[in-house]
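Written below as structure tokens is the structure these notes are about.
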Amino acid sequence: MPLVTSKELLQDAQRNHYAVGAFNVENMEMVMAVLAAAEETNSPVIMQTTPSTVRYAGLDFYYANIKTAAKRASVPVVCHLDHGNSFEIAMQALRAGYTSIMIDGSKLSLAGNIALTKSVTDACHCAGVPVEGELGKVGGKEDDLENSDENPYTDPDEAREFVEKTQVDLLAVGIGTAHGVYKGVPKVNLEVLEKIRAVVDIPLVLHGTSGVPDEQVVECIKRGICKVNYATDLRIALTNGLKKHMSENPDNFDPKKYGVQGMSEVKKYVVDRMLMLKNQK
């Protein structure tokens, strides 16, 4: 089927109290593995790329991979730009065919974030493409994305103003999660999430979810999270599969063989996440 937009998927998730998994894909094998998991669990899926991933191969390359996956799929597939960090890359992704765009102005002042996000929503909405914004800070470091742990939480009053002035379709919120590998046990602030949900009526997004216990994710979904992002754990799964194959087959030089094992590990991880997310219906 053709690619769909994230707005289509997430409005249904919001109405029916579940969440859609958004998985960062960095090569063809990861696209194939995520698609296989979506088909096995009959789940809608968002495949996304960050600016550093895009620099690795180009927007057109990833769009072609994800579009091909969607054509083969019996489930809805979205091609999403994750953490777009400039108006320029957002427009490049829009022109490339991406069906969902994130613009991350969370490092800017509130006024600066509103101005940047509104410029992207104005352009994307003309093409029928939804936009995800971010307010507050998701800590940690992943790719070239890094935030300090200072004032990590989204202010509910600012969230209401941000959504009203930007007309953004999705909002990524800071409630205590972090990008990358956690050094301790993560703990999300459900009270902050509840306050945001009370004043914002669009679907909310949870970033930095790799390593967050499923029970915490479930509680977030109950309080309005409709899109849940995973990145680091997919990288770890793929790498572990490759390492395992090469340790058992040190003379292998066929990338298809270790690729299959890497895909198997990614698929297994994604299946588990998808079943957890959709079973909240």
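The values are calculated or read from the model by the stated rules, or taken from the named source; none is laboratory data. Fair warning: this is a prediction, and the values are worked out from it, not measured in the lab. Methodologically, a virtual Cβ is constructed for each residue, glycine included, from the backbone with ideal geometry; neighbour enumeration extends over all protein chains shown. Accessible surface areas use protein heavy atoms only, side chains included; no ligands, DNA or RNA. Shrake-Rupley method; radii C 1.70, N 1.55, O 1.52, S 1.80 Å.
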* **Test set (1) farther than 19 Å from Gln261 by Cα; (2) small (Gly, Ala, Ser); (3) surrounded by fewer than 23 Cβ atoms within 10 Å (Cβ to Cβ) - Gly21 fails condition number** => (3)
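Would you mind finding the one in Val138, Val131 that is modelled with pLDDT of 95 or more and of a type in the set (Val, Ile, Thr)?
Val131 is the lone residue from the list that is modelled with pLDDT of 95 or more and of a type in the set (Val, Ile, Thr).
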* List the number of the failed condition for Gly97; all other conditions in (1) touching a Ser or Thr at 6+ places or on another chain (Cβ under 7 Å); (2) modelled with pLDDT of 95 or more; (3) on the phi > 0 side of the Ramachandran plot hold. => (1)
* Structure fact -> Listed by range, helices (runs of 4 or more DSSP H) wholly within segment 183-281 having at least 2 residues that are farther than 23 Å from Pro152 by Cβ are 232-248, 255-278
* Asked: Going through segment 78-90 one residue at a time, which ones are closer than 15 Å to Gly105 by Cα and of a type outside the set (Gly, Ala, Ser)?
  -> Leu81, Asp82, His83, Asn85, Phe87, Glu88, Ile89
* Give just the number: which of (1) over 16 Å from the mean Cα position of the chain (by Cα); (2) open to solvent by 20 Å² or more (accessible area, probe 1.4 Å); (3) not aliphatic (A, V, I, L, M) does Gly211 not satisfy? => (1)
* Structure fact -> Picking from Glu26, Glu8, Glu40, the residue that is open to solvent by 10 Å² or more (accessible area, probe 1.4 Å), touching a residue at least 24 places away in the same chain (Cβ under 8 Å), closer than 26 Å to Gly211 by Cβ and under 16 Å from the mean Cα position of the chain (by Cα) would be Glu26
* Asked: Does Ile196 qualify as being at pLDDT 90 or above, β-branched (Val, Ile, Thr) and open to solvent by less than 10 Å² (accessible area, probe 1.4 Å)?
  -> yes
* Are any of the residues in segment 259-267 out of contact with any Asp or Glu (no Cβ under 8 Å at 6 or more places or on another chain) and either within 16 Å of Leu170 (Cβ to Cβ) or touching a residue at least 24 places away in the same chain (Cβ under 8 Å) (or both)? -> yes
* To do: Tally the residues that are touching a residue at least 60 places away in the same chain (Cβ under 8 Å) and open to solvent by less than 10 Å² (accessible area, probe 1.4 Å), restricting the search to segment 76-109.
  => 9
* What number goes with the only condition from (1) among the charged types (D, E, K, R); (2) closer than 16 Å to Asn24 by Cβ; (3) open to solvent by 40 Å² or more (accessible area, probe 1.4 Å) that Asp251 does not pass? -> (2)
